[in-house]
Each structure stands twice: as C-alpha cells, then as structure tokens.
2 protein chains.
Amino acid sequence: MPDKAFVHHADAVTFATTVDKSEIYETAMASAVALFEPQRFWVTNLANAASLMWYAFDALGMNVNWAGFYVVATNVGGGNNRRDDDDGKPAELVLGPFMGKVACQTIVFGRGVCGTAAETAKTVVVPDVDKFPGHIACDGSTKSEVVVPILDNAGTVKGVLDVDCLVMNGFDDVDVRFLEDLAGLVGRSCEWDG
Amino acid sequence: MPDKAFVHHADAVTFATTVDKSEIYETAMASAVALFEPQRFWVTNLANAASLMWYAFDALGMNVNWAGFYVVATNVGGGNNRRDDDDGKPAELVLGPFMGKVACQTIVFGRGVCGTAAETAKTVVVPDVDKFPGHIACDGSTKSEVVVPILDNAGTVKGVLDVDCLVMNGFDDVDVRFLEDLAGLVGRSCEWDG
C-alpha cells in the first residue's frame, strides 16, 4: 500500500461515503501502515488503531459500540503489579487503548471471548454474545463481538483486538478479514516491551 | 467520594441529563476513583479516563472533538526506542489512550500546547488555538484547547491530559477545575513504570 502523508492526522479517518466496504477498509489499512511506520510504541499505535477502526465502522453505518484492545499483562513490559499464574500461564489481560464506553479493567486469561482468543491464539466470532459460555459483559447492550489475537513476530500473543456491536450477527467475513489484517499489522509493527 | 459498584462498566458513563455541570463532573470523578482503586496500570487508567471525559462532555452537549493523553516517553517505563535530549530533558511526548480522531504520534517537549504544559508543569487554557504560538494542529477543525500536566507523587511530569473543542472559548473555569482534579487523580493513581 502506498505511503500516505497527512496534512492533519485527523484526516486519516475522513472516509469517502460513496465507496464500498472493501475500499473503506483498504483506506484504513493504508493509514495504519503510514501511522505505524515511524512509530513503534505499542500504546501509541493501539490508540490510533482503535480510532481508525471506530471511524471506519462509523463511515459504514455499523452499530459498533466498542473498539479497542486488551493486552497480556506480563507480555507488554514493566508490569510491576502484574503476575503470571503458578503454571507460567499469563494471569490476565488488562485494558488497553479503546474507543467507546468505560470497560472492564482486567479479564482472566482463558475466560470470556477475549480470554479465549488470547489463550487459543485464534479469532473468535460471536454472533450472539448471550450464547457464548462465560461471556463477560462490560456493556449490557452488546449483542455480537469479534476478538482477534495479536501476535508479535516471534508468535507470542501480546493481546487481542476486540470489537463489540449493538446488533446480533454484526460482523461479516469482510469485517473479520479487515480486523485480522489490522491485528496482524499491529502485531508486526509494535515494540511490545515499552 | 463513595465507592461505586458497577453492574456493567459502561454504565459509568451513563449520566443523568437533568443535572448540572458540577453534578456530572462529580459523578465522573466518583467513577474514576472507583475504577482506579483496584487498578494501577497507567495505560488502563488513562484509557478509561479518556472515555469518562468524553462521555461527560457529551452529556453536557459540549463540542469536544478529542480527549486523551500524551505521556513523557522516557518517564513511562520501557521506551526502548525513546531518548532524552543531550541536556537530560525529555525529547518528546508520545500519544497515549484517547477518544476522537487519529492524532499526532509525537510532540517535541516544550513545543505546542501539550509540550508547553509538560515543560512548565502548569495548565494551559487556549481560548483560540490560532493565537497560540507554535500550536500543533492534529485536527484542523479544533478551535480551543485545554492541557493539564499529570504529575506523579514525586512531582515528576508523566504526561498531559489534552482536550480539544470545535468552538472558541470551549472551556470555562468549572471545566478546567474538573480536568485538573481528574489529572491529579490520574497522577496519584497510576504506577507509571509498567
């Protein structure tokens, strides 16, 4: 994808409203590439990635009510008050940058949609959150959800990308492919230890 | 302020619309206290604080187009690709969690509104950004701005809280006092080195 020069960074999320879903996602991905190229700090890149997703979904008229990240506490540097479990498995995910309403601060590794995606390192698409065993509701109005794991270049799970929707079956294959592409780019583009 | 138990975390930003500005800000501060009490990781707390501000301003009908944080790169742990200047001064602020459109990733320490607030450790209220020397426009539609420094318990500047508005003179004394209270709470409530 071509490099992109921003006059104002906010223009990165000014999407044409006459183009189709794939074009909006391609524009968002091109902006992400341009934003991450000179900047590797994971907090900064996750913050801008959350905004990119949020305004792409907004341009598409989707009812997304939350878009952001949880990170594996012990895999993102520092973490003085973090811990692993006795078996060496990460104990929890902690809330990272996001767009939307206030969210749960921690999620036990392996629990809920986010914890499952982090533990299995596989995307989890949930058409109806009420039917997902152990779903953790940060917002009672969420009806469907997609969570994509974020792996660094060594294949270690560093966190998850999490998107919630106010309607059931909120995400189709094109949406999921975009989110997997973005999560892949984020994983490769960040320094995760500070 | 009393402890607050959340049924859903998202309810922390469900504000009554019939109350006045001070009551909305008191509710937001009570939520912030409750959210930060069990959680000290700065990324998590800044992410939820940005959401709290955003929805408080939304409830008040203010035209806030960006609300979030920049952090002093070398003062937040890790920072492998960060550096101080030769004189030992921090080189730059980096973008932290926020709500709003994609934003500038770095700001030179001492430059622009954010850099000035970080360098002087004083709140900067800018009624008209076009009249602020060296103003850095991440979004060309921003007209006014408030930036409040965030200090840890030892008095070290860890970052700034930054809010932009689409209208001139967007913030009054009550708004600024709320932002200073929130920035103070954030500064005291976080572990900043990971």
Outside any helix (DSSP H, G or I), touching a Cys at 6+ places or on another chain (Cβ under 7 Å) and surrounded by 15 or more Cβ atoms within 10 Å (Cβ to Cβ): does that describe B:Asp193?
no
Quick count over the range A:112-125, residues being more than 14 Å from chain B (Cβ to nearest Cβ) and over 15 Å from the mean Cα position of the chain (by Cα), is 2
Starting from the range B:123-148, take each residue that is within 22 Å of A:Ala12 (Cβ to Cβ) and list its partners that are among the basic types (Lys, Arg) and assigned to a loop (DSSP other than H, G, I, E, B), counting only C-beta distances under 7 angstrom and pairs at least six apart or across chains.
B:Val129/B:Lys143; B:Ile136/B:Arg111; B:Asp139/B:Lys101
Breaking point among (1) in a strand (DSSP E or B); (2) at pLDDT below 95; (3) away from chain B (no Cβ under 14 Å), for A:Val146:
(2)
Restricting attention to the range B:12-30, which residues are crowded, with 17+ Cβ neighbours inside 10 Å, more than 7 Å from every other protein chain (Cβ to nearest Cβ) and in a helix (DSSP H, G or I)?
B:Ile24, B:Tyr25, B:Thr27, B:Ala28, B:Met29
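State the number of residues belonging to the range A:149-194 that are of a type in the set (S, T, N, Q), away from chain B (no Cβ under 14 Å) and farther than 30 Å from B:Val13 by Cα.
2
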Residues of the range B:21-65 being under 14 Å from the mean Cα position of the chain (by Cα) and polar (S, T, N, Q), in sequence order, are B:Thr44, B:Asn45, B:Asn48, B:Ser51, B:Asn65
Give me the residue from the range B:153-180 that is surrounded by fewer than 19 Cβ atoms within 10 Å (Cβ to Cβ) and charged (D, E, K, R) and, out of that set, farthest from B:Ser22 (Cα to Cα).
B:Glu180
Could you check how many residues of the range B:100-133 are part of a loop (DSSP other than H, G, I, E, B) and either in contact with a Ser or Thr (Cβ under 8 Å, 6 or more places away or on another chain) or charged (D, E, K, R) (or both)?
9
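To keep it simple, each residue is scored yes or no on (1) facing another protein chain (nearest Cβ under 7 Å); (2) surrounded by 24 or more Cβ atoms within 10 Å (Cβ to Cβ); (3) at pLDDT below 95.
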| residue | (1), (2), (3) |
| --- | --- |
| A:Ala49 | no, yes, no |
| A:Ala59 | no, no, yes |
| A:Asn65 | no, no, no |
| A:Gly77 | yes, no, yes |
| A:Met99 | yes, yes, no |
| A:Gln105 | yes, no, yes |
| A:Gly110 | no, no, yes |
Across the range B:31-47, what is the total count of residues that are facing chain A (nearest Cβ under 10 Å) and part of a loop (DSSP other than H, G, I, E, B)?
3
Select from the range B:132-142 the residues that are surrounded by fewer than 19 Cβ atoms within 10 Å (Cβ to Cβ) and more than 13 Å from B:Ile107 (Cβ to Cβ) and write down the one among them that is farthest from the other protein chains (Cβ to nearest Cβ).
B:Pro133
Failed condition for A:Gly68, given (1) touching a residue at least 24 places away in the same chain (Cβ under 8 Å); (2) in contact with a strand residue (DSSP E or B) (Cβ under 7 Å, 6 or more places away or on another chain); (3) assigned to a helix (DSSP H, G or I), with all others met?
(3)
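The values are calculated or read from the model by the stated rules, or taken from the named source; none is laboratory data. Everything quoted here is computed from the prediction, not taken from an experiment. When we count neighbours, we look across all protein chains shown, and the Cβ atoms used for this are built from the backbone with ideal geometry, even at glycine.
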